[in-house]
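K.L.:
What follows is a single structure, and I will ask about it in a moment.
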Number of protein chains: 2
Amino acid sequence: MKALHFDKTLSVKDIPLPEPNTGEAIIKVLKAGICNTDLEILKGYIKGFNGIPGHEFIGVVEDVSSSEFNYLVNRKVTAEINCVCNRCEMCMRGLPRHCRNRSVLGIDRRNGAFAEYISVPLENIVPIPENISDNSALFIEPLAAAFEIQQQIKITSDQKVLLIGDGKLAHLTALSLKQTGCQLTVFGKHTEKISLLERYSIRSVIEKDQLEGSIFDVVIEASGSPNGFTDGIGLVRPRGIFILKSTYASDLSFNPASVVVDEISIIGSRCGSFEPAVRFLSETGVDLSYLISRIYPLSEGVTAFHEAQKTHMMKIIIDCTR
Amino acid sequence: MKALHFDKTLSVKDIPLPEPNTGEAIIKVLKAGICNTDLEILKGYIKGFNGIPGHEFIGVVEDVSSSEFNYLVNRKVTAEINCVCNRCEMCMRGLPRHCRNRSVLGIDRRNGAFAEYISVPLENIVPIPENISDNSALFIEPLAAAFEIQQQIKITSDQKVLLIGDGKLAHLTALSLKQTGCQLTVFGKHTEKISLLERYSIRSVIEKDQLEGSIFDVVIEASGSPNGFTDGIGLVRPRGIFILKSTYASDLSFNPASVVVDEISIIGSRCGSFEPAVRFLSETGVDLSYLISRIYPLSEGVTAFHEAQKTHMMKIIIDCTR
């Protein structure tokens with residue numbers, strides 16, 4: 001099959017079809033989105049990965065290794081990205097996404113979705129309700145990461161929340177936060193990107209000066225820029241919360257005195273359960289296709305990755321059927 | 001009156017008695033302890049303070065400005081250190097220790113306790129139960145800071161907790177944590193200091209190697225050393241909590257990827273309500289005098305401060321009646 005393969009460099013290759021291992025299903029990939037994590041793999045920030053990247057995808061189940069899962073065949077699905085052992089301390093605690101023995105689709109010791117076919121554990125498969133369009137369903141994984149924040153902390157309508165960032169993840173996070181009724185401000189630096197929020201009547205700010213003197217119950221960094229951390233931490237009220245949603249290649253530094261004196265919490269937030277994201281898309285009918293900048297065929301996957309690195313781009317999709 | 005005064009340098013001075021302002025009481029100070037924060041003021045790490053330092057003290061109420069508080073006269077007391085407005089957003093939220101207009105005894109725009117007399121707001125006064133010895137009562141303020149952790153997060157008997165540090169604050173924190181029944185390990189570098197924990201049958205560790213492969217639900221940094229942060233953050237389990245109890249002069253840096261991927265919470269923790277500390281000392285009868293290294297008369301306050309900076313010292317007390 002055709003696949004986008006990474007081993008120090010990225011190239012389109014012809015590689016063997018995945019084996020239908022016990023407990024897994026073979027999915028024919030329809031489309032897959034390029035995420036910042038994929039770009040970090042390419043830059044070598046995420047060390048040790050070689051294979052097929054890609055973890056945001058939709059596809060159709062072709063083959064299941066166990067007859068009790070026959071009902072999944074021909075269903076349009078996506079899949080949770082953490083492949084877990086169900087036996088370690090973290091799995092036992094009900095925190096499977098922190099499984100000590102996990103592999104992760106397209107990120108850690110497991111091939112991902114930029115290919116014609118992908119093999120995933122049956123338990124990871126999430127059917128996509130028919131009323132969710134393909135273009136929206138492609139965002140289920142990052143939207144689940146956005147909803148993860150609300151699995152970690154309670155956000156209520158009386159809270160002032162600042163979201164830093166205007167990229168794909170920031171947009172999805174804004175959307176997830178809007179559901180809480182909180183008093184949301186989004187701070188971004190790219191006029192075209194942030195203007196996309198107008199459709200949701202979310203207050204946006206382009207200049208840092210406009211935030212001067214403001215203070216927030218919760219600040220969420222989703223810009224991917226270390227400046228987002230430095231700027232944001234100073235805008236959290238005493239006993240408030242700073243959510244770190246982006247990862248960075250370099251270390252972050254902070255003034256411990258202010259964190260201690262103001263008793264601020266800095267909370268890391270990664271990926272989340274797909275269930276709230278699927279429910280949200282199905283119930284609200286929100287159409288996320290406006291977040292897609294371009295669609296490339298799999299054969300042009302390398303070009304797609306180059307395009308995805310451009311600042312003004314939102315989501316780049318790879319059509320794995322072409 | 002005689003007072004230990006700081007204005008770029010520390011000296012014993014003769015200064016006017018404090019005014020008995022409306023809403024305040026004049027307390028004759030008996031004894032006061034030197035805290036690391038006092039040493040930081042001396043080093044210039046806490047900028048802008050000049051006046052009398054000292055915020056851990058016991059004394060006897062001499063004069064109250066309001067007759068309804070007459071019952072306090074001649075009572076042995078200590079006092080909460082944050083003097084608050086009761087009007088700002090933080091006070092209204094029930095977070096008076098984060099009052100936006102606060103002054104702080106001996107730390108921020110208010111004279112402290114290294115003097116014959118101190119004036120404090122009546123509402124700050126905390127009577128000391130008769131069954132608490134003077135030497136133990138001197139630790140109410142830092143012990144309240146230790147109990148603050150349990151006001152911020154729930155610590156239970158099934159949790160593995162690592163406490164980093166072996167100084168005064170670490171000892172008091174260990175004591176407060178022991179009450180929870182948690183599985184506590186204390187990691188310190190000074191054999192004599194850490195051996196003081198033996199009386200409480202608390203597991204202690206001197207070499208970092210002994211912690212290799214261990215992982216904790218909660219790690220508390222109370223060593224005051226940036227290494228405590230760097231070492232400790234790597235020992236927190238996924239979704240675990242790192243409590244930052246010490247302040248430092250320099251910035252701290254961390255690897256954001258590990259905090260995000262493991263969804264770790266870093267929580268700053270400062271001073272706390274006196275009530276749990278007073279109740280603990282009164283109910284358990286724990287005698288904290290073993291934590292006192294030396295007592296100096298007020299007239300030798302400068303020497304006392306120099307002594308307090310020596311690594312092997314635990315608490316240095318100033319007797320303000322001499």
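The values are calculated or read from the model by the stated rules, or taken from the named source; none is laboratory data. Source: prediction; values computed, not measured. All Cβ positions, even for glycine, are placed from backbone atoms using ideal geometry, and neighbour counts span all protein chains on display.
K.L.:
Return the residues of the stretch B:7-56 that are within 21 Å of the chain's Cα centre (by Cα) and small (Gly, Ala, Ser); say none if nothing qualifies.
P.N.:
B:Ala32, B:Gly33, B:Gly44, B:Gly48, B:Gly51, B:Gly54
K.L.:
Going by what's in this entry, would B:Glu207 be described as within 14 Å of chain A (Cβ to nearest Cβ), out of contact with any Asp or Glu (no Cβ under 8 Å at 6 or more places or on another chain) and under 17 Å from B:His190 (Cα atoms)?
P.N.:
no
K.L.:
Something else about it: Kindly provide the set of residues from the stretch A:70-125 that are more than 14 Å from every other protein chain (Cβ to nearest Cβ) and on the phi > 0 side of the Ramachandran plot, ordered by number.
P.N.:
Across the stretch A:70-125, the qualifying residues are A:Asn74, A:Asn86, A:Gly106, A:Arg109.
K.L.:
May I ask you to list the residues in the stretch A:93-130 that are assigned to a strand (DSSP E or B), over 17 Å from A:Asp14 (Cα atoms) and touching a helix residue (DSSP H, G or I) at 6+ places or on another chain (Cβ under 8 Å)?
P.N.:
Quick first cut of the stretch A:93-130, residues assigned to a strand (DSSP E or B) only: A:103-104, A:108, A:115, A:117-121, A:125-127.
Pick out the ones that are also over 17 Å from A:Asp14 (Cα atoms) and you get A:103-104, A:108, A:120-121, A:125-127.
Those that are assigned to a strand (DSSP E or B), over 17 Å from A:Asp14 (Cα atoms) and touching a helix residue (DSSP H, G or I) at 6+ places or on another chain (Cβ under 8 Å): A:Ile125, A:Val126, A:Pro127.
K.L.:
Still on this structure: Which condition from (1) surrounded by fewer than 19 Cβ atoms within 10 Å (Cβ to Cβ); (2) within 14 Å of another protein chain (Cβ to nearest Cβ); (3) touching a residue at least 40 places away in the same chain (Cβ under 8 Å); (4) more than 27 Å from A:Gln152 (Cα to Cα) is the one that A:Phe49 breaks?
P.N.:
Single failed check for A:Phe49: (1).
K.L.:
State all residues of the stretch B:243-271 that are outside any strand (DSSP E or B), among the hydrophobic types (A, V, I, L, M, F, W, C) and more than 7 Å from chain A (Cβ to nearest Cβ); if no residue qualifies, say none.
P.N.:
B:Ala249, B:Cys271
K.L.:
Additional query: Check A:Pro96, A:Pro53 and return the single one that is of a type outside the set (Asp, Glu) and in contact with a Phe, Trp or Tyr (Cβ under 8 Å, 6 or more places away or on another chain).
P.N.:
A:Pro53
K.L.:
Being in contact (Cβ under 8 Å) with a residue 40 or more places away in the chain and in contact with an Asp or Glu (Cβ under 8 Å, 6 or more places away or on another chain) is the filter here; which residues of the stretch A:292-309 pass it?
P.N.:
Correct list: A:Ile295, A:Leu298, A:Phe305, A:Ala308.
K.L.:
Any idea how many residues of the stretch B:228-252 are at pLDDT 90 or above and in contact with an Asp or Glu (Cβ under 8 Å, 6 or more places away or on another chain)?
P.N.:
Result for the stretch B:228-252: 13.
K.L.:
Still on this structure, I have one more. Inside the stretch A:2-42, counting only strands (runs of 3 or more DSSP E) that do not spill past its ends, which hold 3 or more residues that are surrounded by fewer than 16 Cβ atoms within 10 Å (Cβ to Cβ)?
P.N.:
A:9-14
K.L.:
Still on this structure, I have one more. Which of the residues spanning the stretch B:146-180 are in contact (Cβ under 8 Å) with a residue 24 or more places away in the chain and of a type in the set (Lys, Arg)?
P.N.:
B:Lys160, B:Lys168, B:Lys178
K.L.:
Quick check on my filter: what residues within the stretch B:211-227 are under 19 Å from the mean Cα position of the chain (by Cα), under 17 Å from B:Gln150 (Cα atoms) and not in a loop (DSSP other than H, G, I, E, B)?
P.N.:
B:Val219, B:Ile220, B:Glu221
Each row is one residue, and each column tells you yes or no for (1) within 13 Å of chain B (Cβ to nearest Cβ); (2) within 25 Å of B:Cys99 (Cα to Cα); (3) in contact with a helix residue (DSSP H, G or I) (Cβ under 6 Å, 6 or more places away or on another chain).
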| site | (1), (2), (3) |
| --- | --- |
| A:Ile153 | yes, yes, no |
| A:Gly165 | no, no, no |
| A:Ala170 | no, no, no |
| A:Gly181 | no, no, no |
| A:Ser214 | yes, yes, no |
| A:Ser223 | yes, no, no |
